[in-house]
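Right, one structure below, let's go through it.
The numbers here are math on the coordinates, done by the rules we state, and not lab data. Nothing here was measured: the structure is a model prediction, and the numbers come from that model. Every residue, glycine among them, receives a Cβ derived from its backbone with ideal geometry; neighbour counts consider all protein chains shown.
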Amino acid sequence: MHRLLPLAAFVVLAGILYLGFTLRDPTLLPSALVGQPFPEFDLPTLGDPPGRATRADVAGDVRLVNVWATWCPTCLAEHGELMRIRRATGLSIVGVNYKDDPAEARAWLARHGDPYDFNVVDLAGDLGVDLGVYGAPETFLVDAGGTIRYKRVGEVNGRVWREEIAPVLAEIGTPGDG
Amino acid sequence: MGSLSRIGLAAWCVWLAAGALGASPIDGFDFPDAATAERYQALLSEFRCPKCLNESIASSGAPIAVDLRRTVRRLMTAGAGDDEIRAHLRARYGDFVLYDPPLGPGTWALWFAPLALAGVGVAVLVRAGLRRRAASLTERERERVARLLDEAP
């Protein structure tokens with residue numbers, strides 16, 4: 001038995017280290033906000049001239065809330081998928097234009113297409129802090145009661161839609177096929 | 001020392017001093033008194049920057065750390081207590097944001113794994129020590145063993 005002890009220790013250690021490989025990206029933090037109400041806010045919209053938007057404009061329907069910026073390459077990478085989701089499912093998408101230049105953001109949407117019902121301008125990042133955002137893009141699924149049901153840090157792509165967002169949508173009770 | 005090199009040395013000293021000055025204030029914020037400034041610094045060092053994995057929001061230059069420092073200042077100005085400020089950030093960024101995470105089901109391994117490992121280490125040492133003591137016989141014991149073995153059929 002004692003001769004096998006080093007081997008057993010090695011196997012245990014190797015197992016623990018192997019588990020390290022199967023962990024998700026260590027830069028992804030579990031969201032503290034899933035199950036919580038969408039935060040209150042009162043901010044300008046991206047329109048020209050800008051209007052105002054509050055929490056009441058986000059709650060009331062099932063929506064994706066997508067935090068994006070023109071300085072964020074991954075936002076451009078996921079833009080096509082957001083366009084597809086909007087076209088194929090009609091799901092409402094609200095943008096939070098995060099720490100960006102509103103004029104540049106408008107030009108960006110004119111160039112790449114606009115999947116958003118409207119955009120909230122978060123110049124300072126205060127709504128971002130209330131949403132627990134620590135980078136862009138981040139995407140939230142909000143139910144009709146205004147409760148956050150899902151959060152994605154990083155790109156939304158076809159796989160994320162199929163395996164993560166559509167199942168939560170189905171649970172909420174909106175057809176999420178597309 | 002020539003006058004040119006003296007000027008150079010003076011310029012270098014000024015540059016060093018400016019660097020030291022530039023490093024000390026954060027976000028150019030004025031506090032009403034030293035105690036508030038100290039409380040602010042102490043609070044900042046309790047929070048981990050969510051983007052940078054192992055740096056407090058006190059020292060990080062990441063935009064999110066700037067935002068969180070602003071949030072802490074805003075809450076302090078509004079009269080929030082330290083615990084309220086901790087709860088505010090934890091509600092948004094989870095246990096991760098606290099350098100001193102609370103004891104709970106998600107953090108049991110974090111808190112108790114070092115204790116368990118130390119326990120295993122002590123057990124191994126104690127066992128090895130006992131075995132060594134058992135292995136060393138006195139002269140009289142050795143003679144007795146030899147006698148017993150001789151007597152055995």
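Based on the mean of other beta carbon atoms within 10 Å per residue, what is the order of A:42-55, B:106-119, A:80-93, A:120-133, most packed first? Walk me through the intermediate numbers first.
Working: A:42-55: 14.1, B:106-119: 10.7, A:80-93: 17.1, A:120-133: 21.1.
Order by mean packing, descending: A:120-133, A:80-93, A:42-55, B:106-119.
If you take every DSSP beta bridge whose two residues both sit in the protein assembly as shown, what share of them, in percent to the nearest 5, is antiparallel?
Working: 17 of 27 bridges.
Within the protein assembly as shown, antiparallel bridges account for around 65 percent of the total.
Out of the chymotrypsin sites (Phe, Trp or Tyr not before Pro) in the range A:32-127, which ones are loop residues according to DSSP with at most 16 other C-beta atoms within 10 Å?
Working: sites: A:F41, A:W68, A:W71, A:Y98, A:W108, A:Y116, A:F118; in loops: A:F41, A:W71, A:Y116, A:F118.
Those that pass, being in a loop and sparsely packed, are A:W71, A:F118.
How high is the relative contact order of chain A, in percent, counting Cα pairs under 8 Å that sit 6 or more residues apart? Let's see the in-between values first.
Working: 277 pairs, mean separation 48.2, N = 178.
Dividing the mean separation by the residue count of chain A yields 27 percent.
Using the Kyte-Doolittle scale, which helices in chain A average at least 1.6 and also have C-alpha atoms spread 24 Å or more along the helix axis, with helices defined as whole DSSP H runs? Working shown, then result.
Details: long enough: A:5-22 (26 Å, 2.14); A:73-89 (25 Å, -0.41).
Taking the DSSP H segments of chain A (at least 24 Å long, mean hydropathy at least 1.6), we get A:5-22.
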